[in-house]
1. For the chain, what does the helix formula give at 222 nm: sum of -39500 (n - 2.57) over DSSP H segments with n ≥ 4, over the residue count, nearest 500 deg cm²/dmol?
2. About the Cα centre, and with charges only on the beta carbon of Lys, Arg (+1) and Asp, Glu (-1), how big is the dipole of the chain? Nearest 20 debye, please.
3. Given Cα positions, please report Rg to Rh for the chain, the hydrodynamic radius being the Kirkwood one.
4. Can you work out ³J(HN,Hα) from phi for every residue in the range 208-213, in order, using Karplus 6.51 cos²θ - 1.76 cosθ + 1.60 and θ = phi - 60°, giving whole Hz and x for Gly and Pro?
5. Kindly write out, for the range 320-329 in residue order, the coupling ³J(HN,Hα) from the Karplus curve 6.51 cos²θ - 1.76 cosθ + 1.60 (θ = phi - 60°), rounded to whole Hz, with x marking Gly and Pro.
6. Please name whichever of 247, 175, 306 sits farthest to the positive end of the charge dipole of the range 2-340, dipole taken about the Cα centre and charges placed at Cβ: Lys and Arg +1, Asp and Glu -1.
7. Pick from 251, 172, 222: which residue has the top mean-square fluctuation in a GNM of the chain where Cα pairs under 10 Å get a spring?
8. From the Cα trace of the range 54-134, what convex hull volume per residue do you get, rounded to a whole Å³?
Amino acid sequence: MYKLLLRPLFFLFDPEKIHHFTFSLIRFTCKIPGVSSVFKSLYTIEDAKLERKLFGLTFKNPVGLAAGFDKNAVLYNELSNFGFGFIEIGTVTPKGQAGNPKQRLFRLKDDQGIINRMGFNNEGLETAITQLKKNKGKVIIGGNIGKNTQTKPEDYTKDYLECFNGLHPYVDYFVLNVSCPNVGSHAKLNDKDYLLELIGAVQKANHTFETQKPILLKIAPDLNEGQLDEIIDLIAETNLDGVIASNTSTDRSGLKATDARLAEIGNGGLSGKPVKEKSTQVIKYLAEKSNKAFPIIGVGGIHSANDALEKIAAGADLVQIYTGFIYEGPSLIKKINKALL
């Protein structure tokens, strides 16, 4: 029904506007008595064989929703009815910010991809905390954190720590988002010396809490082998809990979209089918070169059950969807879990 009726209708409208409309629609329908139970019966598979135990957490299944969909943690309770094993909220920054000027979200229909330059638009840390206090405990929640656009380089770590300390009681794991191509001063966030400083500071903060939360690093799909070797060394040096591979790409090679269309869209991060192979290769390299020394969450271009199985075969322990969720609809989660069984 989604691909035949809803998607063609949704795709007639501006992507960002329809995103907000869809949120309102899901929230409204889930308030109708019995609707959440219907969604659960349609999309959720409960089977102990799907459980995955990683960094001290038990995921009821390995299929998650990637960050960027529920930025402000307003819909995670309702989205859990679609069968996700975990949901990542954010990216959350200390202060709310509008992000980049609109239009900033574009569909590449022929490529089944999306280009975005949202710029970490979110309502800020306090709003996220308020929303997370409404958690009904249905699903594991990840907290994806970043810096404000206007923050000076010497204060980047302070921004991450503010989000980390604020969200710590309310999320199950953390993701340091240092690889989004749509934020300023991107270079420093990928400098190994700075990452050592950032990770060390966040880990120190983690140990001030009675219960420590897992911390993962989200990396770009455009890293070369030398840079990936640095990531492997970084994980070994810091004992970080894992890696999310990967974020959106700045590469535009091999797209069906015309050069004129791409020029019209401009800069931004590419997600969806065009990054599938690239992200899978990153996962494979990290897993093989490190001798599977750390958990990997695989994300990028998962539009079918086979795509998810490829990521897992390459070395991913869990997978996340985002663009595939938009193009394929909520049945994708159930299809992946059925294929895994």
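Nothing in this text is a laboratory measurement; each read-out follows from the coordinates by a stated rule. These numbers come from a predicted model, not from an experiment. Cβ coordinates were reconstructed from backbone atoms using ideal geometry, including for glycine residues, and neighbour counts include every protein chain displayed.
1. -11500 deg cm²/dmol
2. Charge dipole of the chain: 1280 debye, to the nearest 20.
3. 0.93
4. With coefficients 6.51, -1.76 and 1.60, one gets 7, 8, 4, 10, 7, 10 Hz.
5. Karplus values, whole Hz, x for Gly and Pro: 10, 10, 8, 4, x, 5, 6, 7, 9, x.
6. Of the candidates, 306 comes out farthest on the positive side.
7. The residue with the greatest mean-square fluctuation here is 251.
8. Once divided by residue count, the hull of the range 54-134 is 131 Å³.
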